Structure formats: structure tokens, C-alpha cells
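Written out below as C-alpha cells is the structure these notes cover.
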Amino acid sequence: MNVLARSTVAACMLAMAGSALAQGVLAPPAAPQDTLTRAAASVGIQRCLPAITRLASLTVQGSRAHDVLLDWDRKRPDAGPVFSLVGIQYPNAGVAASITAIPDDSGACTVAAERISVAPFTCASVAEQELKNYKRTPLLPIYTVYTDDKEPTSSVSLIDSPPGCLVIRRYVEYGWRDPNAPMPAAAPAAPQTPKRR
């Protein structure tokens, strides 16, 4: 889980703790479903829907509003890739996120998510504040990628765009399976025929 996801989850936990105290013994109301999950479900996407929901709900958490552009294989919506672009409005900023899910024959999904924002600071100051322990790989004089060995499928790219910094947080996972789904039953072993001597 990357830095953004960890901080988002921590903020959510604090918010939930506060609402639980305020409500006493009443159960908190269910969170509204994100727009991407609703859109994907409405066109027949099921196999990768838990992965999409997980990434989308983390992505839009704390936003004022969001909307989505969705592309999918119309001929086989549940067997083909799903591509989305999510526009997110926060009280003081706008952010874009891209979420992709591709099912495979085993029932798993390859997922990728990118969160794209502009920081009103130099990229050097963003790196100093947020990415101190990350490995730095310069690709161009204006473009540097930061990675953390503890999170090998995540990266943060900083692109100088004066007077600010374009920040792209990227996450990829191959073979993702819903941890809440039942494991598929193993295929029965084929009967062995006796060998002739």
C-alpha cells in the first residue's frame, strides 16, 4: 500500500472513530458507493469489480465530488479490460485518477491505478517532504521516479512544471484476487490408466 493509500486509510479510521463515538450504539450508515463502481457494475463488469471498488473508494475518499469516464469491451464486458479516468474535486484542489482492471483466465485481475495531481511547490521540496527514504531514479532533467523497496509495485513520479510539480502516484498488481471470495474448487484429478508392461 503506498504512502497516499496509508494516509487515506488513517484519515478514514479517525473519521470513523469519531462518527462511532457520536452515534453511540447505532451502527454507522453505509458509505455511498463510488461512481466508478456503479458505472462498472451497470455495464456488466463483475470479475474485477471488487478490485475496482477497492481502488476507487480509496481514490475518492474525502472528495467533495467526482465523476468518471469509462471504457470497456462492449462485446465481452466481463472478460475484457476496463479503463477509467476519474475526475476528483477536493475543497482546495482538483485531481485525476486512472484505474484499469484486466481479468485473466484464472479468475484473477491485473490492476493499475494512477493518481495525478499538481503540487504548488517545487518537485525538490515535495521529494524532501514526502519521499526522503525512497530510491531516486532521474529519467529526464525534469522527470524523476521514486520507489520504495518495501512497495515494489508502487512508484511516485515528479515532473517539474514551474511554478509547481506534477505528481503521479502509480500502483500495479498482477494476479489480484478478492480476499473475501471463496477459493475456486480444484479440478478433479484425471484417472490414471494402468501402464502396460
### Query
Tell me, what HN-Hα J-couplings in whole Hz come from the Karplus equation 6.51 cos²θ - 1.76 cosθ + 1.60 at θ = phi - 60° for each residue of the stretch 95-102, using x for Gly and Pro?
9, 10, 9, 10, 10, 10, 9, 10
### FRET efficiency estimate (nearest 0.05) - Cβ-Cβ, Asp178 to Leu139, R0 45 angstrom
0.85
### Message
Show me, for the stretch 85-91, the HN-Hα J-couplings you get by feeding each phi into the Karplus relation (A = 6.51, B = -1.76, C = 1.60, θ = phi - 60°), rounded to Hz, glycine and proline as x.
### Response
10, 10, x, 10, 10, 9, x
### Task
Report Ile168's accessible area, 1.4 Å probe, all protein chains in place, as a number in Å² to the nearest 10.
40
### Query
Taking a 1.4 Å probe, which of Leu140, Leu131 shows the most accessible area, and what order do the others take after it?
Leu140, Leu131
### Message
Suppose accessible area is computed on protein heavy atoms with a 1.4 Å probe; arrange Ser125, Ser157 from highest to lowest.
### Response
Ser125, Ser157
#### Entry: Efficiency of FRET from Cβ geometry, Val118 and Ala79, R₀ 35 Å, rounded to 0.05
0.45
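Convex hull over the Cα atoms of the stretch 23-168, averaged projected area in nm²?
On the way: hull surface 48.3 nm².
If I average the Cα hull's projected area over directions, I get 12.1 nm².
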### Query
Sorted by accessible area (1.4 Å probe), largest first, how do Trp72, Trp176 line up?
Trp72, Trp176
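Take the Cα radius of gyration of the stretch 54-139 and divide it by 2.2 N^0.38 Å, with N its residue count; two decimals is plenty. List each step's numbers first, then the result.
Numbers: Rg = 16.3 Å, N = 86, 2.2 N^0.38 = 12.0 Å.
Against the compact-globule rule of thumb, the ratio is 1.37.
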### Paramagnetic reach from Val43 in the stretch 100-135 [backbone N under 16 Å; point 7 Å along Cα→Cβ]
100-103, 112
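The values are calculated or read from the model by the stated rules, or taken from the named source; none is laboratory data. Only a predicted model underlies this, so the values are computations on that prediction, with no experimental measurement involved. Neighbour counts run over all protein chains shown; Cβ positions are idealised from the backbone, glycine included. Note: accessible area is taken over every heavy atom of the protein model, side chains too, but ligands, DNA and RNA are not part of it. Shrake-Rupley method; radii C 1.70, N 1.55, O 1.52, S 1.80 Å.
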